[in-house]
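A.B. asks: I'd like to ask you about the structure that follows.
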Amino acid sequence: MVKVDIKYTKLFINNEWVDSVSKKTFPTINPQDESIITQVAEGDKADVDLAVEAAKKAFHRYSEWRTLDASQRGRLLYKLADLMERDAKYLGELETLDCGKPVKQAEGEVVWAASVIRFYAGKADKILGNTIPADGEVISMTMKEPVGICGQILPWNYPIPMFVWKIGPALAAGCTVVVKPAEQTPLTALAVAALVKEAGFPPGVVNVIPGYGPTAGAALTHHPDVDKIAFTGSTEIGRIIMQVASAVNLKRVTLELGGKSPLVIFNDADVDMAADLAHRAAFANAGQCCVAATRTYVQSGIYDKFVAKAAEIAKKRTVGNPFEDVQQGAQIDDEMFNKVMGYIQSGKKEGAKCVAGGARHGTVGYFVQPTVFADVKDNMKIAREEIFGPVQSILKFENFDEVVDRANDSNYGLGAGVVTNDVTTALAFIKHARAGSVWVNTYEHVTPQTPFGGFRESGIGREMGEDGIQQYLENKTVTFKLPKKPQL
Ligand code: NAI
Ligand code: MG
């Protein structure tokens, strides 16, 4: 087992490390062997109150943060990105310890996350309003201003990327933040918080409160001084957050929620290439990915060949100790492990054909065999519900209109993919797919420059790109009356 030094386990408020008011702690678990890694300070309402107070002070109109030039906010963000890259190896190992993903992947995610921070660093002094030719003897313009104090609630599947998706645009916009990482993965958010301090951000600009959802998370959403909540997680909790936000103070809400994304493969595709692409689209991050392509629709002409190939690739997928050179580590916790195993049972019971995997991997840790179901029908649970595990469902189709209707027949609308060499088929698919991201001959190609988010129950708002920063800005319209015309 790799020894990873754990430096930070307390709450991060006002650039200080503090115990929780209650002095309570909670364990964070290693998904690889189910052992307790360490105890972490458990934040609750009293701690959220202190963190919001700090964020409010840092947002005061004459604070160091609010009076800093926008270009200097950018420089602090560039510095943070450099520090993350400096520590990429360490942060990757810490992430692997806490969430069980392969260490090379985790390190890659740190470098990718730094690129997101750099994108927003460059945006900080390019936040522009408009001048408007308004009716009357006036000059009118809009000014973009930070939305204020932001509560940011994170999931456990990509802890470092999710942390920077949230803080990057918020800080570039000039907001202050209180972040609640997922209870399963508090360690890397705290480690990056230490780099925020090292980079030179003033106290109170970024605060991190580890803890549970119904306590610390709910305290943030209920807080009347929080101007906005940004949330990534389940649709179930997204609904609650929106209700609470509307009842308390109409805080702004952006939500990145679940998905059941389709990938549609037409007869003209190269079967080997398509099977490989579909495999990665379904199994990336052990399937713990909101945009995972969990419904693979394959046209009848290549269906049998595709199923054989998909099973072959899945059987070869290497699973095990995430500190070794594997493609797949452990699922996040016992709850998700049991949930995924339940879906695998349900697929078998409902009559889908299990052509790869179908059981747990090993006897210790939350490992699941890469599982492929063929002959899946649209009404089966595995074709309708988000599994969030390494399970691919393959469904057969005959023609374009049928498959578009079936692909769109979901409450979700996060991603959709198409594999074809026919440009008119691809364009028609792009036009008809009801999803926030559509990929052609690739999948899950997500970059700092491109907006990401969902239609329908997959969410509200977009993260990343220009859209991502707009969600942290208010629009102030200014109208300036000109002096009376002189007598000429
Ligand atoms: P969750 O939605 O319960 O948790 C996500 C975050 O919300 C965590 O930080 C949690 O502490 C917090 N939270 C929970 N209840 C809250 C509340 N009442 N008020 C404020 N914050 C609260 O997701 P969970 O339980 O980890 O996973 C359940 C399912 O959600 C998964 O099976 C998967 O389908 C989906 N999910 C989707 C993700 C995505 O990337 N869109 C990420 C994680 C999970
Ligand atoms: Mg939950």
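A.B. asks: Which one of Gly389, Ile344, Val404 has its Cα pushed farthest toward the positive end of the charge dipole of the stretch 262-440, where Lys and Arg give +1 and Asp and Glu give -1 at the Cβ?
C.D. replies: The one lying farthest along the dipole's positive direction is Ile344.
A.B. asks: Report the relative contact order of the chain, percent, no decimals, based on alpha-carbon pairs under 8 angstrom and at least 6 residues apart.
C.D. replies: Answer for the chain is 18 percent.
A.B. asks: Pick out, in residue order, every one of the GluC sites (Glu not before Pro) in the stretch 1-48 that is DSSP loop and has at most 14 other C-beta atoms within 10 Å; say none if there are none.
C.D. replies: Numbers: sites: Glu16, Glu34, Glu42; in loops: Glu34, Glu42.
Answer in residue order: Glu34.
A.B. asks: Considering only the other residues whose Cβ falls under 11 Å of the Cβ of Arg252, what net charge follows from Lys and Arg at +1 and Asp and Glu at -1?
C.D. replies: 0
A.B. asks: Now for a separate question. Only Cα pairs under 8 Å and at least 6 apart count here; give the relative contact order of the stretch 1-130 as a rounded whole percent.
C.D. replies: Computed value for the stretch 1-130: 23 percent relative contact order.
A.B. asks: Might you report the magnitude of the Cβ-based charge dipole of the stretch 355-465 about its Cα centre, with Lys and Arg at +1 and Asp and Glu at -1, to the nearest 20 debye? Before the final figure, lay out each step's value.
C.D. replies: Details: 10 positive and 13 negative charges, 50 e Å.
Approximately 240 debye in magnitude.
A.B. asks: With the alpha-carbon atoms as the only input, what is the per residue convex hull volume for the stretch 332-375 in Å³?
C.D. replies: Each residue corresponds to 59 Å³ of Cα convex hull volume.
A.B. asks: Further question on the same structure: Given the DSSP H assignment, sum -39500 (n - 2.57) over each helix run of at least 4 residues in the chain and divide by its residue total; what's the result at 222 nm in deg cm²/dmol, nearest 500?
C.D. replies: Working: 15 runs with 183 residues, N = 488.
Per the formula, -11500 deg cm²/dmol.
A.B. asks: Can you list the HN-Hα couplings for the stretch 439-445, worked out from phi with the Karplus curve (6.51, -1.76, 1.60; θ = phi - 60°), rounded to whole Hz and with x for Gly and Pro?
C.D. replies: Karplus values, whole Hz, x for Gly and Pro: 10, 10, 6, 7, 8, 6, 8.
A.B. asks: From the phi of every residue in the stretch 311-325, what ³J(HN,Hα) in whole Hz does the Karplus formula 6.51 cos²θ - 1.76 cosθ + 1.60 yield, where θ is phi - 60° and glycine or proline is x?
C.D. replies: Karplus values, whole Hz, x for Gly and Pro: 5, 4, 5, 5, 5, 7, 4, 8, 10, x, 3, x, 7, 9, 7.
A.B. asks: Something else now. Just need the Rg to Rh number for the stretch 262-440, please, alpha carbons only, Kirkwood Rh.
C.D. replies: Rg divided by Rh gives 0.96.
A.B. asks: Another question, then. Could you grab the relative contact order for the stretch 344-465? Cα pairs under 8 Å, six or more apart, rounded to a whole percent. Each step should come with its number before you reach the end.
C.D. replies: On the way: 189 pairs, mean separation 20.4, N = 122.
Result for the stretch 344-465 is 17 percent.
A.B. asks: Rank Ser246, Gly413, Pro27 by how far each Cα sits towards the positive end of the charge dipole of the chain (+1 on Lys, Arg Cβ; -1 on Asp, Glu Cβ) and give me just the farthest.
C.D. replies: Most positive-ward Cα: Ser246.
A.B. asks: Going from most exposed to least, what order do Ile149, Ile240 have by accessible area with a 1.4 Å probe?
C.D. replies: Correct descending sequence by accessible area is Ile240, Ile149.
A.B. asks: In whole Å, largest first, what are the principal axis extents of the Cα atoms in the stretch 305-403?
C.D. replies: The Cα atoms of the stretch 305-403 stretch 45, 27, 20 Å along their principal axes.
A.B. asks: Net charge near Lys476: determine it from the other residues with C-beta under 9 Å of the C-beta of Lys476, scoring Lys and Arg +1 and Asp and Glu -1.
C.D. replies: -1
A.B. asks: Please give the direction-averaged projected area of the C-alpha convex hull for the stretch 183-288, in square nanometres with one decimal.
C.D. replies: On the way: hull surface 39.7 nm².
The Cα convex hull of the stretch 183-288, projected and averaged over all directions, gives 9.9 nm².
A.B. asks: Right, next: Of Tyr297, Leu76, Pro161, which is farthest along the charge dipole of the chain in the positive direction, counting Lys and Arg as +1 and Asp and Glu as -1 at C-beta?
C.D. replies: My answer, from the dipole projection, is Leu76.
A.B. asks: Report, in debye and to the nearest 20, how large the dipole of the chain comes out about its Cα centre when Lys and Arg carry +1 and Asp and Glu carry -1 on their Cβ.
C.D. replies: About 880 debye.
A.B. asks: Going by amide H atoms built from the backbone, whose H comes under 5 Å of the H on Gly258, apart from near neighbours?
C.D. replies: Thr235
A.B. asks: On to the next question. For the full complex of protein chains and a 1.4 angstrom probe, list Ile229, Ile430 by accessible area with the highest value first.
C.D. replies: Highest to lowest solvent-accessible surface, that is Ile430, Ile229.
A.B. asks: Right, something else. Show log10 I(q)/I(0) for the chain at q = 0.13 Å⁻¹, two decimals, from a solvent-free Debye sum over equal Cα scatterers.
C.D. replies: Relative scattering, expressed as log10 I(q)/I(0), comes to -1.20.
A.B. asks: How many percent of DSSP beta bridges within the chain run antiparallel, rounded to 5?
C.D. replies: 40
A.B. asks: Short version: ³J(HN,Hα) in whole Hz for each residue of the stretch 392-397, in order, from phi by Karplus 6.51 cos²θ - 1.76 cosθ + 1.60 (θ = phi - 60°), x for Gly and Pro, what are they?
C.D. replies: Per residue, the Karplus-derived 3J(HN,Hα) values read 10, 10, 10, 10, 9, 9 Hz.
A.B. asks: Binning at 5 Å from 0, report for the stretch 352-441 what percent of all alpha-carbon pair distances ends up in each bin.
C.D. replies: 3, 12, 19, 21, 18, 14, 7, 4, 2, 0
A.B. asks: Cβ under 15 Å from Gly233's Cβ, Gly233 left aside: what net charge do those residues give with Lys, Arg +1 and Asp, Glu -1?
C.D. replies: After counting each charged neighbour, the total is -4.
A.B. asks: May I pose another question? Could you list which residues have their amide H under 5 Å from that of Ile265, counting only those 5 or more apart in sequence or on another chain, with H placed in the peptide plane?
C.D. replies: Counting only residues 5 or more places away or on other chains, the set is Tyr297, Val298, Gln299, Val419.
A.B. asks: Let me ask something else about it. Between Asp19 and Ile132, what length in nm is gained on full extension when 0.36 nm per residue of separation is reduced by their alpha carbon distance?
C.D. replies: Roughly 35.6 nm would be gained on extension.
The values are calculated or read from the model by the stated rules, or taken from the named source; none is laboratory data. Model, not experiment: these values are computed from the prediction. Note that each Cβ is placed from the backbone with ideal geometry, even for glycine, and that neighbours are counted across all protein chains shown. Heads up: the accessible areas ignore ligands, DNA and RNA and are worked out on the full protein's heavy atoms, side chains in. Shrake-Rupley method; radii C 1.70, N 1.55, O 1.52, S 1.80 Å.
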